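The values are calculated or read from the model by the stated rules, or taken from the named source; none is laboratory data. Here the structure is a predicted model, which is why all the values come from computation and not from measurement. As a convention, Cβ positions derive from the backbone with ideal geometry for all residues, glycine included, and neighbour counts pool all protein chains shown. Protein only, heavy atoms only, side chains kept; ligands, DNA and RNA dropped before computing areas. Shrake-Rupley method; radii C 1.70, N 1.55, O 1.52, S 1.80 Å.
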Amino acid sequence: MVEAERMRVSVIGTGYLGATTAACLAEMGFEVLGLDVDEAKIDLLRSGRVPFYEPGLDELLEANLRSGRLSFTTSFAEAAGFADLHLICVGTPQRDESGAADLSYVNSAVDHLAPHLTRPTVVVGRSTVPVGTAATLAARLAALAPVGEEAELGWSPEFLREGFGVEDTLRPNRIVIGTDSPRVEKAVRALWQQPVNEGTPFLVTDLQTAELVKVSANAFLATKISFINAMAEVSEVAGADVIQLAEALSYDDRIGGKFLGPGLGFGGGCLPKDIRAFMARADELGVEPALSFLREVDAINQRRRARTIDIARQLIGGNFAGRTVTVLGAAFKPNSDDIRDSPALDVASTIASLGARVTVYDPQALERAREAHPQLNYADSMLEAARDADVVLLLTEWAEFREANPEELSAVVAQKRIVDGRNALDPTYWRASGWTYRALGRQ
Ligand code: UDX
């Protein structure tokens, strides 16, 4: 294997994970070729534009295109000729109602790359896949590659959080590589030498364990969120306050305060689909009871959306028909324009289907929301969205909403009523301005 700094890497798939990985690896000094079958996306990236919102990524993309270390292609032959190491970063969306993962993009990446591999090559998957996938793909790669078993496959899951993708790639909290091949291990070590030298733990496991690390991490995070949201359900009826409860729990460092934020619950392109795919895989493996608790985790999460709608309905007197409703937030979380399984848009469209006129505002996700939910109304500012509202719902906790001035909003709404779906506001402050304030898990 060539020296770390000079190793040439191809990144297959330039979505959120791939584009971020490609730009960050170029920033770390590698020569990187990003590949996607979507020509429009490649054209955009070549011209220095990121097809989604991710803080800090534009600058990295531009700087590394300019340095010449980063380029893009749609050709697998070119990628095979260029790189010593290929990273598979394509998506694995939810397939259908079964919840199982759709592996067609991962399979297609291997099928298209393999026939061009004429010299010893390392291929490493970073996508989130059901346990057992990598072993099948390793055999498929060796069978299809002219170089045969000299085309070796390992699996190294990523743990990027949207909104912090650059930071999480440049300074990962751990690197896990599933492989029994010294060559694969060496290549992956070379890739992450810099952060590992700075203290990032490096774990070598078998393929199955590496695959499981990712899905079990996401299952744990989802469980933690649903746990505190279950406590919110109990708190509401028992007369307790879930915010104080969460704070008190957080001082036990065995529990910790992260991912213990009660509210509308989790959405996005990972947590919801990953727990469903994990359950589907457990079912296939005959260990369905081991993960049956995840069904409850999912159900608690869905109930939060229904509960938020109930609270808003109560506030306006029991019926949405003909009412004016403002929804603040469309992205599944702040600092992202990702609307995949967005709790905010789910709530907004249900309320609209119940007869209300719903107007949505989001600092970054308006364009995507408009495309996906043309039946909703959209505004270009918070104040414009709140005009004549009978009730305002805060559903994604952007800083702009956290810092909103209740006096300013008072001047435009019809009724001073707010549902804080993310427990992001100070109830005392809002009530002092004459607002009726309601939140999940509080009195
Ligand atoms: C997640 C994992 O964190 C990341 O490690 C993995 O690689 C991909 O999936 P991401 O989807 O970017 O990352 O979002 P995350 O920050 O985990 O938030 C997921 C959802 O949980 C959001 O909808 C967020 O609003 C919600 N959430 C988070 C809560 O409801 N409460 C919390 O306390 C934390």
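At an R0 of 60 angstrom, the distance between the Cβ atoms of ALA372 and THR118 translates into a FRET efficiency of 0.90. Here the scattering of the range 206-443 is modelled by Debye summation over its C-alpha atoms, one equal scatterer each and no solvent; at q = 0.12, 0.14 Å⁻¹ the log10 of I(q)/I(0) is -0.68, -0.90.
Farthest towards the positive end of the charge dipole of the chain, among the residues PRO272, VAL188, GLY317, is the Cα of GLY317, using unit charges on the Cβ of Lys, Arg, Asp and Glu. How many angstrom lie between the Cα centre of the range 193-220 and the Cα centre of the range 231-272? Result: 26 Å between the Cα centres. Largest accessible area first, the residues GLU408, GLU185 order themselves as GLU408, GLU185 under a 1.4 Å probe with ligands, DNA and RNA left out.
Please give every one of the lysines within straight-line cross-link reach of LYS333, meaning a C-alpha to C-alpha distance under 22 Å, and leave out same-chain neighbours fewer than 8 residues apart. Result set, ordered by chain and number: LYS214, LYS224, LYS258, LYS273. Of GLU384, GLU59, the residue with the largest accessible area leads and the full order is GLU59, GLU384 (1.4 Å probe).
The convex hull around the C-alpha trace of the range 332-443, projected and averaged over every direction, spans 6.6 square nanometres.
The 1.4 Å probe gives accessible areas that order PHE76, PHE220, largest first, as PHE220, PHE76.
Per-residue SASA remark: THR92, around 10 Å² accessible (1.4 Å probe; ligands, DNA and RNA not included). Under a Gaussian network description of the chain, with springs only between Cα atoms under 10 Å, the residue in VAL215, VAL166, VAL37 that fluctuates furthest is VAL37.
For the range 163-203, backbone nitrogen atoms closer than 13 Å to the point 7 Å from THR136 Cα along Cα-to-C-beta are found at no residue. Look at the dipole of the chain built from charges on Cβ: of PHE259, LEU137, GLN244, the Cα furthest out on the positive end belongs to GLN244.
Using the rule -39500 (n - 2.57) for each DSSP H run of four or more residues, divided by the residues of the chain, the 222 nm mean residue ellipticity is -13500 deg cm²/dmol. Using equal-weight Cα scatterers in the Debye expression, the normalised intensity of the chain in log10 at q = 0.06 Å⁻¹ is -0.29. Between ASN218, ASN301, ASN319, the GNM of the chain built on Cα springs shorter than 10 angstrom shows ASN319 fluctuating the most. Taking the accessible area of the chain, probe 1.4 Å, and keeping the other protein chains in place, the carbon and sulfur fraction comes to 50%.
Between SER47 and ALA240, full extension at 0.36 nm per residue minus the direct alpha carbon distance yields a gain of 64.1 nm.
A 1.4 Å probe run over the protein chains yields, for the chain, 42 Å² of accessible area per residue, whole-number rounding. Inter-part distance, the range 407-424 to the range 129-166, computed on C-alpha centroids, equals 48 Å.
With only Cα atoms counted, the range 73-156 has Rg and Dmax values of 12.7, 41 Å.
Among SER108, SER410, SER71, the largest mean-square fluctuation in a Gaussian network model of the chain (Cα springs under 10 Å) belongs to SER108. I need the calculated FRET efficiency for the pair GLN415 and SER104, taking r as the beta carbon distance and R₀ as 45 Å, to the nearest 0.05. Once rounded, the FRET efficiency stands at 0.40. Gain on full extension, evaluated as 0.36 nm per residue between ILE255 and ALA143 minus their Cα-Cα distance, stands at 35.6 nm. Note on ALA217 and ARG303: the extension gain reaches 28.7 nm, defined as 0.36 nm multiplied by sequence separation minus the Cα-Cα distance. Calculate the tail of P(r) for the range 377-443: the fraction of all Cα-Cα distances greater than 20 Å, expressed in %. Percent of Cα pairs beyond 20 Å in the range 377-443: 17.
In the calculated pair-distance distribution of the range 118-207, the portion above 23 angstrom amounts to 26 percent of the Cα-Cα pairs.
Counting Lys and Arg as +1 and Asp and Glu as -1, what is the net charge of the other residues whose Cβ lies under 10 Å from the Cβ of GLU54? All intermediate terms of the calculation are to be shown ahead of the outcome.
On the way: positive: none; negative: ASP58, GLU162, ASP337, ASP338.
For residues surrounding GLU54, the net value is -4.
Note on LEU285 and ALA40: with the Förster distance fixed at 45 Å, the Cβ-Cβ geometry gives a FRET efficiency of about 0.70. For a test of the definition: using alpha carbon positions, the gyration tensor, and the 1.5 limit on a/c, classify the range 6-204 as rounded, prolate or oblate. Note, shape of the range 6-204 comes out rounded.
For the pair the range 359-388 / the range 338-356, the C-alpha centres are spaced 12 Å from each other.
Ranking LEU65, GLY154, HIS116 by Cα position along the charge dipole of the range 46-170, where only Lys, Arg, Asp and Glu carry charges on their C-beta atoms, puts HIS116 farthest toward the positive end.
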